[in-house]
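To start, the structure under review is shown below, and the notes come after it.
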Amino acid sequence: MNNVLATIHTAGVFDYVDEKLTSMQTTIGLAVSVVAVVLFIVVAAKSKLQLAPTLLALLGAGAVVWLASGGGLEWFAGLLGQEFGEAAGTGVPSSPDAAGERR
């Protein structure tokens, strides 16, 4: 316990939490995928394999698995970074030399 407290104190709370989440990322992705598949099976069984609920559950479960394990969150974060990075950077020169240049 003292080792954990020493690590938290020297590295900082956010660094410690980030390190633990990074090390658990594969496990979290796998758990989310298993829960999505189980929920798909439950919805399909409750609807007695009717077409519309089963397809919607399959689409939802596929989206969750893609977001959690297939790189969907990184893709979405990249889109947000491009959008907000370009919006935040408008009107601000990128270097002192570019201050007088027009875009």
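The values are calculated or read from the model by the stated rules, or taken from the named source; none is laboratory data. Just so you know, these numbers come straight off a predicted model, no measurement behind them.
Taking region 51-73, which residues are of a type in the set (S, T, N, Q) and either in the same structural domain as V32 (by the TED database) or within 12 Å of the chain's Cα centre (by Cα) (or both)? Quick ask: steps written out before the conclusion?
Applying the first criterion (of a type in the set (S, T, N, Q)) to region 51-73 yields 54, 69.
S69, the sole residue that qualifies.
Which of the residues that make up region 39-62 are under 21 Å from L73 (Cα atoms) and of a type in the set (V, I, T)?
Passing the criteria: none in range.
Can you list the helices (runs of 4 or more DSSP H) found entirely within region 1-99 that contain at least 3 residues being modelled with pLDDT of 90 or more? Spell out the reasoning first.
Details: elements: 2-11, 13-23, 25-46, 51-69, 72-88.
Because the criterion is at least 3 residues that are modelled with pLDDT of 90 or more, the helices (runs of 4 or more DSSP H) in region 1-99 that meet it are 25-46, 51-69.
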